[in-house]
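For reference, the structure discussed in these notes is given below.
The values are calculated or read from the model by the stated rules, or taken from the named source; none is laboratory data. The structure presented is a predicted model; accordingly, all values stated were derived computationally and were not measured. So basically every Cβ, Gly included, is an ideal-geometry build from the backbone, and we count neighbours across all protein chains shown. Heavy atoms of the whole protein, side chains included, go into the accessibility calculation; ligands, DNA and RNA do not. Shrake-Rupley method; radii C 1.70, N 1.55, O 1.52, S 1.80 Å.
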Amino acid sequence: MFGSANRDEAIFGDADQFDVHRDTNAAVSFGAGPHFCAGAAASRSLIADIALPKLFESFPGIAIDGPVKFVGWAFRGPVSLPVSLGH
Ligand code: HEM
(Lines give C-alpha, C1' and ligand atoms only; values in the text may rest on other atoms or scores of the structure.)
Protein backbone atom coordinates (compact mmCIF):
# COMPACT_ATOMS: atom_id res chain seq x y z
CA MET A 1 0.00 0.00 0.00
CA PHE A 2 2.86 2.39 0.76
CA GLY A 3 4.38 1.45 -2.59
CA SER A 4 1.09 2.16 -4.34
CA ALA A 5 0.77 5.58 -2.64
CA ASN A 6 4.30 6.39 -3.78
CA ARG A 7 3.14 5.78 -7.35
CA ASP A 8 0.04 8.01 -7.10
CA GLU A 9 -0.21 9.26 -10.67
CA ALA A 10 -1.89 12.47 -9.47
CA ILE A 11 1.34 13.39 -7.66
CA PHE A 12 4.24 11.49 -9.23
CA GLY A 13 4.57 11.66 -13.01
CA ASP A 14 6.07 8.57 -14.68
CA ALA A 15 6.36 6.91 -11.26
CA ASP A 16 7.93 3.65 -12.41
CA GLN A 17 10.86 5.52 -13.93
CA PHE A 18 13.82 5.77 -11.51
CA ASP A 19 14.65 9.47 -11.20
CA VAL A 20 17.21 10.36 -8.56
CA HIS A 21 16.29 14.07 -8.93
CA ARG A 22 12.55 13.51 -8.35
CA ASP A 23 10.89 15.66 -5.63
CA THR A 24 9.96 12.94 -3.11
CA ASN A 25 8.55 15.23 -0.40
CA ALA A 26 5.08 13.72 -0.84
CA ALA A 27 6.32 10.11 -0.60
CA VAL A 28 5.04 8.05 2.34
CA SER A 29 7.87 5.51 2.56
CA PHE A 30 8.15 6.32 6.28
CA GLY A 31 4.43 6.85 6.83
CA ALA A 32 2.77 10.20 7.49
CA GLY A 33 1.11 12.24 10.23
CA PRO A 34 1.20 11.35 13.93
CA HIS A 35 2.56 7.83 13.27
CA PHE A 36 5.42 8.96 11.05
CA CYS A 37 8.35 6.53 11.46
CA ALA A 38 10.41 7.22 14.60
CA GLY A 39 13.49 5.78 12.90
CA ALA A 40 13.28 7.74 9.63
CA ALA A 41 16.25 10.06 10.18
CA ALA A 42 18.48 7.24 11.51
CA SER A 43 17.48 4.94 8.64
CA ARG A 44 18.02 7.58 5.95
CA SER A 45 21.46 8.42 7.35
CA LEU A 46 22.55 4.78 7.80
CA ILE A 47 21.53 3.92 4.23
CA ALA A 48 22.50 7.11 2.36
CA ASP A 49 25.56 8.23 4.36
CA ILE A 50 27.08 4.86 5.32
CA ALA A 51 25.74 1.67 3.68
CA LEU A 52 25.42 2.77 0.04
CA PRO A 53 28.69 4.78 -0.08
CA LYS A 54 30.55 1.78 1.43
CA LEU A 55 28.91 -0.60 -1.07
CA PHE A 56 29.76 1.58 -4.10
CA GLU A 57 33.31 2.21 -2.83
CA SER A 58 33.88 -1.53 -2.48
CA PHE A 59 32.16 -2.54 -5.74
CA PRO A 60 32.25 0.42 -8.17
CA GLY A 61 30.98 -1.78 -11.04
CA ILE A 62 28.04 -3.30 -9.16
CA ALA A 63 24.83 -3.56 -11.19
CA ILE A 64 21.48 -5.30 -10.93
CA ASP A 65 21.76 -8.55 -12.89
CA GLY A 66 18.59 -10.61 -12.85
CA PRO A 67 14.97 -10.54 -11.71
CA VAL A 68 14.27 -8.77 -8.40
CA LYS A 69 11.76 -10.68 -6.28
CA PHE A 70 9.19 -8.56 -4.39
CA VAL A 71 7.09 -9.95 -1.55
CA GLY A 72 4.48 -8.54 0.82
CA TRP A 73 1.51 -6.24 0.81
CA ALA A 74 1.52 -3.29 3.25
CA PHE A 75 5.33 -3.39 3.67
CA ARG A 76 6.16 -4.69 0.19
CA GLY A 77 9.82 -4.97 -0.68
CA PRO A 78 12.55 -6.94 -2.45
CA VAL A 79 13.65 -10.21 -0.86
CA SER A 80 16.37 -10.99 -3.39
CA LEU A 81 18.50 -8.75 -5.61
CA PRO A 82 20.88 -10.55 -7.98
CA VAL A 83 23.90 -8.40 -8.85
CA SER A 84 27.05 -8.62 -10.93
CA LEU A 85 30.14 -7.01 -9.42
CA GLY A 86 31.62 -5.76 -12.70
CA HIS A 87 35.40 -5.43 -12.99
C1 HEM B 1 14.25 1.86 5.94
C2 HEM B 1 13.81 1.59 7.17
C3 HEM B 1 12.42 1.92 7.66
C4 HEM B 1 11.26 2.09 6.98
C5 HEM B 1 11.04 2.03 5.46
C6 HEM B 1 10.23 2.39 7.95
C7 HEM B 1 8.90 2.65 7.64
C8 HEM B 1 7.91 2.97 8.56
C9 HEM B 1 6.54 3.28 8.24
C10 HEM B 1 5.93 3.29 6.84
C11 HEM B 1 5.89 3.54 9.40
C12 HEM B 1 4.40 3.96 9.58
C13 HEM B 1 3.55 2.75 9.84
C14 HEM B 1 2.09 3.11 9.90
O15 HEM B 1 1.67 4.24 9.56
O16 HEM B 1 1.31 2.25 10.31
C17 HEM B 1 6.86 3.40 10.48
C18 HEM B 1 6.58 3.60 11.82
C19 HEM B 1 7.50 3.44 12.82
N20 HEM B 1 8.85 3.17 12.71
FE21 HEM B 1 9.82 2.81 10.95
N22 HEM B 1 10.77 2.37 9.21
C23 HEM B 1 12.12 2.09 9.09
C24 HEM B 1 13.05 2.01 10.10
C25 HEM B 1 12.79 2.20 11.44
C26 HEM B 1 13.78 2.14 12.51
C27 HEM B 1 15.27 1.83 12.30
C28 HEM B 1 13.13 2.38 13.68
C29 HEM B 1 13.63 2.43 15.10
C30 HEM B 1 14.92 2.62 15.41
C31 HEM B 1 11.72 2.61 13.35
C32 HEM B 1 10.74 2.88 14.25
C33 HEM B 1 9.42 3.12 13.96
C34 HEM B 1 8.39 3.37 14.95
C35 HEM B 1 8.57 3.40 16.47
C36 HEM B 1 7.18 3.58 14.24
C37 HEM B 1 5.79 3.86 14.83
C38 HEM B 1 5.61 5.34 15.06
C39 HEM B 1 4.21 5.62 15.60
O40 HEM B 1 3.31 4.81 15.40
O41 HEM B 1 4.05 6.67 16.23
N42 HEM B 1 11.56 2.50 11.99
N43 HEM B 1 8.08 3.06 9.93
For this session: Of all residues in segment 38-50, count the ones that are open to solvent by 50 Å² or more (accessible area, probe 1.4 Å) and either away from the ligand (no atom under 16 Å from the Cβ) or not acidic (D, E) (or both).
Result: 8
Exercise. Among the residues of segment 22-30, is any loosely packed, with under 10 Cβ neighbours inside 10 Å and either more than 16 Å from the ligand (Cβ to nearest atom) or modelled with pLDDT under 95 (or both)?
Worked result: yes
For this session: Taking only segment 64-87 into account, find how many residues are open to solvent by 100 Å² or more (accessible area, probe 1.4 Å), part of a loop (DSSP other than H, G, I, E, B) and closer than 13 Å to S4 by Cβ.
Result: 3
Exercise. Within segment 52-61, can you find the residues that are part of a helix (DSSP H, G or I) and open to solvent by less than 50 Å² (accessible area, probe 1.4 Å)?
Worked result: P53
Exercise. Which of (1) open to solvent by 50 Å² or more (accessible area, probe 1.4 Å); (2) under 14 Å from the mean Cα position of the chain (by Cα) is the odd one out, the single condition N6 does not satisfy?
Worked result: (1)
